[in-house]
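Structure first, commentary second.
The values are calculated or read from the model by the stated rules, or taken from the named source; none is laboratory data. On a predicted model such as this, the values are computed, not experimentally measured, just so you know. Glycine also receives a Cβ, built like all others from the backbone with ideal geometry; neighbour counts cover every protein chain displayed.
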Amino acid sequence: MRLAYWMYEGTAHHGVGRVMNSMRNTHAVFHAPQGDGYVNTIFTMLERTPGFPAMTTSVVSGTDLARGTLRLPETLRQVEATRHPDLIVVVASCSTILLQENLEIAAHQSGLACEVMVYDANPYRMQETAAAEGLFTALVKKYATPQPLTSLPSVNILGPSSLGFHARHDLISLRRILKTLGVAVNVVAPWGASVDDLRRLPAAWLTIAPYRELGRLAAEHLEAQFGTAALYDAPIGVQPTLRWLDALLETLNTVGSRLAVPPSPLKLPPLTEFSLDGMSAPSNVPWFARTADMESFTGKKAFVFGDATHTVGVTKFLADELGMPIAGAGTYLVKEADWVRSQLQGYVSDADFLATDEFQQVADRIGQLRPELVCGTQMERHTGRRYDLNVMVISSPTHIENHLLAYRPFLGFDGADVIADEVSTTCTLGMEKHLIDMFGDAGLELVEPAAAESAEPVLASNGNAAVAPVAVVAELVKPTNGHAPEEQSSNGNGSALPTGAAPSGQTAAVPAVNPVWTADGEAMLKKIPFFVRGRARGNIEKYAREHGIATITAEVLLAAKEHLGA
Amino acid sequence: MPPKAQFTREDGIYHSFCGLVSVGWLYQKIKDSFFLILGTHTCAHLLQNTMGVMIFARPRFAISLLEEADLSSAQPAIADQIAEITREHHPSVIFLLSSCTPEVMKVEFEGLAQSVSTPEVPVLFVPASGLDFTFSQSEDSVLQALIPFCPQAPPDDKRVVFLGSVNDAIADDFLFEASRLGIPVAGFLPANHFHELPPIGPGTIIAPLQPFLAKVANQLTNDRGATVMSSLFPFGPDGCRAFWEDLAAHFDLKVDLSEREAASWARIKEHTDLLKGKKVFLSADTLLELPLARFIRAAGAEVLECSTPYINRRFHARELALLDGVRLVEQANFERQLRSIAEEQPDLVISNIITANPLIGHGVVAKWGTEFIFSPIHGWAGVNTLVGLFTRALRRHARLDPLGSDPVWMAGVMPGAPEIIPLTRG
Ligand code: SF4
């Protein structure tokens, strides 16, 4: 047993939920206590899903256990009646798996018309990534059916998924590239795929499986079972994208040449055709890397930590395309550590490589290295800020801040520009800040780093408990001009105020003297979080002046609060 | 006998958090405490996702992580962890929370807590597992664990103890209000520090500030002979007036707060004008739903349904009496609620955080109910915040361009749900 404060990976049932929520007409049912339904929140708040996530908790309560009630069959019936899925995947939770119930029998008893699969994901042996990959592979094995290849070149894209890191944007980037090449997309999965789409997978000439975490094993299965060629590289950066394009075209042309009626071979079009307007450089990174801007990056070291795919891709990108020295790299996917290490041969020495799922170890390493740039997950973002380092997020798990609206892929030419922009803005702003530190604030309103950190829980992944400190002070810090109408009517409310505000009887023309604070008034003001205290103080003093109150006691503060709140 | 309120209990699909979520505010409230959860990866993932990431410094809560090898041992060994926590955090008290897996394993928690408890740093068992406890409910368990540490008050000590964790600003507000009315105050349960717990005895009047504390209230009567005030909870002008008038009456003070109530309503008229006649549907899991429904009804809205995880006939008696005629549901079946929403077309749904965005996606004006738990809505000073939480969503949606509800603007957001059929008409 160990003390744990925070986890990089989610649980097995979260992995199952991610696959089911990616697909069409499929549904996950968690045989679990009520709290385990929390995973829904991650979808509805981070991905802002306009529909109900495709997962339902079949609640197990203490009373049920005592009475031997099993709600699963009834839940399955309700899910089928309301959602009409083609497939329901049932999974036990960390607690219910210990009960050793036979869920197969329970599922069977429900007498559903749709398919029900009990997925054996032992939460003590499997976490989010392994469970998602395991389920998706099992589904592809179950449904993929032998069939002739499409007559024209086509590919599958396996791996994009709900809550995958910038998955939707990566998919757009890949689709843009394929469109430019004139290659059709046969099936994308699990993102947006139905069970029928999985059946059609073997019709493609090739499978693109850019993520080490999800889709790779399914692609391997299609390769072994149906001879579907596969491309496993992640096109992160300009050079890898060019190499990836070559490999893609070469493989497709080989497949095509074997057909009875071979279509004319695909050729790489002029690179400008990959740009958004079809007439510019497909990426601005090669030129940017040579500009005077980047001069200031010389010798700036980076530390990279994340899942397998992004750690490898981003480390190489920083080293090869921006020329940054790598101070260290690592992954929290301990099972993928060997692969990551071998991929990073020549970039990161074994001593500088870190494989751990304990964030404190990563934080310690960052603390020792103090690199100029930290690329990591939302956790490294926190760690980096604690040490006042420049941080960018390059991998799940993410934070609401990483779920932006604009097109921000990591893959392809478009992705190279996005990553390079992120690096340069992260580091440049950091440099400006150091200048300020050195030369004073030059009259700028400098946000205290500590303030930024305290304010941070507000942005927490779903804003839940983190809302508290801000809501508490909300009414005190509202800009007072927003209260003009209420203030006019405040005379009539005098009686509703606590006695301390009695002098408020005479409001109108009082000379603007600055009120003084009593000790208890100050003490109460201190209870307001410091990062908004200044504004609260201003508003309370304004209130006091307007009401002719010369001394601000705790009681006046409360009266002001009640008044300003109205 | 408490009045026979009408409510139904539906056994079906519902959305709620478990009791561990209370840690989010309790560890902040009791400033010298530490919360240790004997749990699994699931519990850790729940906490970090519902509370946001609070790992900047060293959080005063942690999971003692049960891994596969630990499942076979009869009694988990937590002594080293308690030592580590004591060494690094110097808490005055450690709460040991249960979770589902050790409950299923039949870990004997009382004994486990006792075995690591010392007079200097007591370790108190708090039942909180999702098998039995929902969301805010485990605050009830924490407060029960604290009772033995409240000094015994002599019988002639007739003062009030406010029950329920509120922030300092609200606490100050209640202190001032009590002193204004001449009501003597013994303190708050919980207090900000473990050693500041209020004395409680047969003369004590317990004034519940939160509607999810039925068991601790009951136990204070049983263990200490304290009197639990039965009134409305202090939310909204109507609730505050009843609360303070009833409390004053316990001290033989005749107080008429009708004018104050009227002034309070007058101050939020801009909001109540907007709420008048609006159809409101409450489907949340905070356990604040009953008083919220009572307030919004008094503010002029029509409450179509109020569902909440648990209703306690006695503890909620006064609230229930004022909700006569409203459809009240315990552990509502969410799928049935969706059908009711489609049928009854509410103007506003107070929902669970889990369902808020999807409801909005279905064309419903939804307000995330969890926000009520984390906002200062108690007392006279909280009236404006309270009513504002109800009207904010209505106002915002009214200001937005109606084009926004065309499904084209959600296309591609959710891979598995390409088309969403609105629940609302027009
Ligand atoms: S419901 Fe049980 S297992 Fe799930 S997070 Fe809550 S206590 Fe842990």
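Consider A:Thr11 carefully, then state whether it is within 16 Å of B:Cys100 (Cα to Cα), within 14 Å of the ligand (Cβ to nearest atom) and of a type in the set (S, T, N, Q). The answer is yes for A:Thr11.
Of all the criteria given as (1) closer than 26 Å to B:Leu143 by Cβ; (2) part of a loop (DSSP other than H, G, I, E, B); (3) within 11 Å of chain A (Cβ to nearest Cβ), the one not satisfied by B:Gly12 is (1).
Quick one: in segment B:201-226, which of the residues that are more than 23 Å from the chain's Cα centre (by Cα) and not in a loop (DSSP other than H, G, I, E, B) is surrounded by the fewest Cβ atoms within 10 Å (Cβ to Cβ)? Among residues in segment B:201-226 that are more than 23 Å from the chain's Cα centre (by Cα) and not in a loop (DSSP other than H, G, I, E, B), the one surrounded by the fewest Cβ atoms within 10 Å (Cβ to Cβ) is B:Asn222. From the set of residues in segment A:27-44 that are away from the ligand (no atom under 16 Å from the Cβ) and more than 7 Å from every other protein chain (Cβ to nearest Cβ), which is nearest to B:Ala128 (Cα to Cα)? Once the filter is applied, the top-ranked residue is A:Phe43. Report whether or not A:Thr129 is within 27 Å of A:Ala219 (Cβ to Cβ), assigned to a helix (DSSP H, G or I) and at pLDDT 95 or above. Taking the combined requirement at face value, the residue satisfies it.
Taken across segment B:370-379, residues that are assigned to a loop (DSSP other than H, G, I, E, B) and modelled with pLDDT under 90 do occur, with at least one present.
Filter segment B:58-94 down to the residues that are in a loop (DSSP other than H, G, I, E, B) and more than 10 Å from chain A (Cβ to nearest Cβ), then identify the one that is modelled with the lowest pLDDT. Result: B:Ala74. Of the residues in segment B:139-160, none is within 14 Å of chain A (Cβ to nearest Cβ), among the polar types (S, T, N, Q), away from the ligand (no atom under 15 Å from the Cβ) and surrounded by fewer than 21 Cβ atoms within 10 Å (Cβ to Cβ).
Restrict the check to segment A:92-104 and report whether at least one residue is without any contact (Cβ under 8 Å) to a residue 12 or more places away in the chain, of a type outside the set (Lys, Arg), assigned to a helix (DSSP H, G or I) and closer than 27 Å to B:Met414 by Cβ.
Within segment A:92-104, the subset without any contact (Cβ under 8 Å) to a residue 12 or more places away in the chain is A:98, A:100, A:102.
Those still in the list that are of a type outside the set (Lys, Arg) too: A:98, A:100, A:102.
Among the residues that remain, those that are also assigned to a helix (DSSP H, G or I) are: A:98.
Retained after the next criterion (residues that are closer than 27 Å to B:Met414 by Cβ): none.
No: segment A:92-104 contains no residue that is without any contact (Cβ under 8 Å) to a residue 12 or more places away in the chain, of a type outside the set (Lys, Arg), assigned to a helix (DSSP H, G or I) and closer than 27 Å to B:Met414 by Cβ.
Which of the strands (runs of 3 or more DSSP E) contained wholly in segment A:1-80 include at least 2 residues that are in the same structural domain as A:Leu112 (by TED's automatic domain parsing)? It would help to see each step written out before you state the result.
Numbers: elements: A:2-4, A:26-32, A:55-59.
Once the strands (runs of 3 or more DSSP E) in segment A:1-80 are filtered for at least 2 residues that are in the same structural domain as A:Leu112 (by TED's automatic domain parsing), what remains is A:26-32, A:55-59.
Screening A:Pro73, A:Pro50 for residues that are more than 16 Å from the ligand (Cβ to nearest atom) and more than 7 Å from chain B (Cβ to nearest Cβ) leaves exactly one candidate, A:Pro73. The single residue among A:Asn102, A:Asn122 that is in the same structural domain as A:Asn25 (by TED's automatic domain parsing) and within 16 Å of the ligand (Cβ to nearest atom) turns out to be A:Asn122.
Would you confirm, using the coordinates I've provided, whether B:Gly111 is more than 16 Å from the ligand (Cβ to nearest atom) and either surrounded by fewer than 24 Cβ atoms within 10 Å (Cβ to Cβ) or farther than 30 Å from B:Gly203 by Cβ (or both)?
Numbers: more than 16 Å from the ligand (Cβ to nearest atom): yes; either surrounded by fewer than 24 Cβ atoms within 10 Å (Cβ to Cβ) or farther than 30 Å from B:Gly203 by Cβ (or both): yes.
Judged against the criteria, B:Gly111 is a match.
Condition check: more than 9 Å from chain A (Cβ to nearest Cβ) and modelled with pLDDT of 95 or more. Does B:Ala393 satisfy that? Considered against the rule, which asks whether it is more than 9 Å from chain A (Cβ to nearest Cβ) and modelled with pLDDT of 95 or more, B:Ala393 comes out as no.
The single condition among (1) modelled with pLDDT under 95; (2) crowded, with 16+ Cβ neighbours inside 10 Å; (3) under 17 Å from the mean Cα position of the chain (by Cα) that A:Met324 does not meet is (3). Picking from residues in segment A:542-554 that are under 45 Å from the mean Cα position of the chain (by Cα) and buried (at least 18 other Cβ atoms within 10 Å of the Cβ), the one that is modelled with the highest pLDDT is A:Ala554. Please verify whether A:Gln360 is at pLDDT 95 or above and either within 13 Å of chain B (Cβ to nearest Cβ) or over 22 Å from the mean Cα position of the chain (by Cα) (or both), treating the condition exactly as stated. Spelling it out, it is not the case that A:Gln360 is at pLDDT 95 or above and either within 13 Å of chain B (Cβ to nearest Cβ) or over 22 Å from the mean Cα position of the chain (by Cα) (or both). Scanning segment B:76-86 finds one or more residues that are within 16 Å of the ligand (Cβ to nearest atom) and surrounded by fewer than 23 Cβ atoms within 10 Å (Cβ to Cβ).
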